[in-house]
1. Looking at the stretch 34-46, I want the residues that are touching a residue at least 12 places away in the same chain (Cβ under 8 Å) and of a type in the set (S, T, Y) and have a partner that is part of a helix (DSSP H, G or I) and surrounded by fewer than 16 Cβ atoms within 10 Å (Cβ to Cβ) with Cβ atoms under 6 Å, at least 6 apart or on another chain. Which pairs are those?
2. Here are G23, G81, G15: which of them is surrounded by 11 or more Cβ atoms within 10 Å (Cβ to Cβ), small (G, A, S) and farther than 24 Å from A116 by Cβ?
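Only the coordinates and a few stated rules stand behind these numbers; no lab work does. From a predicted model like this one, the values you see are computed outputs, not experimental measurements. Positions of Cβ are generated from backbone atoms using ideal geometry, with glycine treated the same way; all protein chains shown enter the neighbour counts.
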Amino acid sequence: MIDWNDLIGLQYKFGTSPEDGSGFTDCFSLCMEVRKRLGLKLLRRDFKWVYDEYSETTLTTKQILKWFTTYGEIITSPRPGAIFGIPHGAMMFPMAVVASEGDCLFISPGKMVVAAPLSLMAPSKFFWAD
């Protein structure tokens, strides 16, 4: 079983990653860290240009959704490593990731990484790339 405990409690900061040791992450980097631990394809290198060309305030939900469908597929059944969006006012389009069967990790409205049962989130669509 993969341990996610070191990710819980990381604070949100755009453009940071769990692997940089800063204690911060953004939602995309959190999803990529989970995918890395699961042995899945990493998209961080493919999307590095986003951090160069956009800021937290210029990146739109519409752009993110377009990239999801361009670089992967939309699926309706969860699987570990699948990404999904969770709408709330604190961030433009926070991404969450299925960490294991029935659990997910995401950045909460309090701007820190939390784990929760997937059933509480009730997503209907997931993004998959591999």
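1. none
2. On the way: G23 fails: farther than 24 Å from A116 by Cβ; G81 fails: farther than 24 Å from A116 by Cβ.
Checking each option against the conditions leaves just G15.
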